[in-house]
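Novice: Here it is: the structure, laid out below.
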Amino acid sequence: MHPPAENVRVTHLAFADESHWNTGRYRALGLVTLEAQWQVDIEQAIKENLIKHGITGELKWSKIDRDRDRDAACDLLSTALRLIAQNQLRVDVLIWDIEDSRHKVRRRDDLNNLQRLLFRICMVVLTRRWPAEACWAIYADQQSGIDWDNLPLMLRRGLARHHRQQPPQLIESVSSPSIAELRPVTSHATPIVMLADLFSGLAVFSHEHWTDFQEWRQEQRGQRRLPPTQENERLLQLSKRTKMRFSVLDTVLTTCHQLKVDTTLDTCEGLRTRDPACPLNFWFYRPQGAYDKAPQKQKKVNGEGFQRR
């Protein structure tokens, strides 16, 4: 992959990271998008947040097991939500359930599936949520096994196909997004990728622990005092680490309400957004039909050309 040509002006940036792409029932992929003019200010705000809380490396959802990690995550996500409210940032998180009809297939190829969903979320966000004339640079957290040479070609072909699907009388006058660069990066060297990681991890956690979180939240607000009975034994035995993450989720929901960016947020079973145009979009993937199946690993073939059973 090569850097964008010198005469190409990148106007918009996208940063992607995943959570639990090959473990657990729920998986997620986060995409943070913004106008390029805001990059320096946002990266500086993230760095200052980490310094404030004594975080010397990267802050990842999987590492939230200390008080300072929790406090840094709360501050960083609150900062991101304020930027969303000011229209300087957009966050889309694609969540999928491996128990649904698309993913419950034999020999599911999780890595190939992750690549396809990265293609899908980029296509939707680039073509529907930002100006058609935008020129993009896309940076995704390094994941070995992703075909980083082929993915940009797939996206460019997808964008060209999207343009051809416009009404014939509009094709000449309607612009189409372009991609100047797509490459893998390390999250510790690319601060905004940390936001994609935190939001995707938060989304997965919310769907895994929603019932317990709701009970914990009610108890924290004095709305319910639970005696030590068999019915709430699970809540009483929650780990300190889980309760820390409850605190982060609670902070996000409270901040969303304060900033009025939760008008379409559906919190019946976990984080999801009813209106995908909302700049904070938790998109719970639903299979599109019987034809919609996750990719499968190819059957291994022995040296004589026969498939192994």
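Novice: Return a yes/no flag: does region 154-166 have any residue that is touching a residue at least 60 places away in the same chain (Cβ under 8 Å) and either assigned to a loop (DSSP other than H, G, I, E, B) or closer than 19 Å to A28 by Cβ (or both).
Specialist: Looking through region 154-166, none of the residues is touching a residue at least 60 places away in the same chain (Cβ under 8 Å) and either assigned to a loop (DSSP other than H, G, I, E, B) or closer than 19 Å to A28 by Cβ (or both).
Novice: Are there any pairs, at least 6 apart or on different chains, whose C-beta atoms fall under 8 Å, with the first in region 99-124 and at positive phi and the second of a type in the set (K, R), and if so, which?
Specialist: Partner pairs satisfying both residue conditions: R107/K297; R107/K299.
Novice: Given the conditions (1) modelled with pLDDT under 90; (2) more than 20 Å from L280 (Cβ to Cβ), which single one is not true for K240?
Specialist: With respect to (1) modelled with pLDDT under 90; (2) more than 20 Å from L280 (Cβ to Cβ), K240 is out only on (1).
Novice: Mind listing just one residue for me: the one in region 96-139 that is β-branched (V, I, T) and farther than 30 Å from E48 by Cα and, of those, surrounded by the most Cβ atoms within 10 Å (Cβ to Cβ)?
Specialist: Here the residue is I98.
Novice: Regarding region 127-149, can at least one residue be identified that is part of a helix (DSSP H, G or I), modelled with pLDDT of 85 or more and among the small types (G, A, S)?
Specialist: Scanning region 127-149 turns up no residue that is part of a helix (DSSP H, G or I), modelled with pLDDT of 85 or more and among the small types (G, A, S).
Novice: N87 passes all but one of (1) in contact with a Lys or Arg (Cβ under 9 Å, 6 or more places away or on another chain); (2) in contact (Cβ under 8 Å) with a residue 60 or more places away in the chain; which number fails?
Specialist: (1)
Novice: Which of the residues belonging to region 51-64 are buried (at least 18 other Cβ atoms within 10 Å of the Cβ) and touching a residue at least 24 places away in the same chain (Cβ under 8 Å)?
Specialist: Across region 51-64, the qualifying residues are L59, K60, W61, I64.
Novice: Can you go through N22, N112 and tell me which one is at pLDDT below 95 and assigned to a helix (DSSP H, G or I)?
Specialist: Of the residues listed, the single one that is at pLDDT below 95 and assigned to a helix (DSSP H, G or I) is N112.
Novice: Could you list, in sequence order, all residues of region 24-42 that are within 17 Å of L76 (Cβ to Cβ), surrounded by fewer than 17 Cβ atoms within 10 Å (Cβ to Cβ) and within 18 Å of the chain's Cα centre (by Cα)?
Specialist: Within region 24-42, none qualify.
Novice: Which condition from (1) of a type outside the set (S, T, N, Q); (2) closer than 21 Å to V261 by Cα; (3) assigned to a loop (DSSP other than H, G, I, E, B) is the one that V93 breaks?
Specialist: Going through (1) of a type outside the set (S, T, N, Q); (2) closer than 21 Å to V261 by Cα; (3) assigned to a loop (DSSP other than H, G, I, E, B) one by one, V93 breaks only (3).
The values are calculated or read from the model by the stated rules, or taken from the named source; none is laboratory data. Nothing here was measured: the structure is a model prediction, and the numbers come from that model. Positions of Cβ are backbone-derived with ideal geometry, glycine not excepted, and every protein chain shown enters the neighbour counts.
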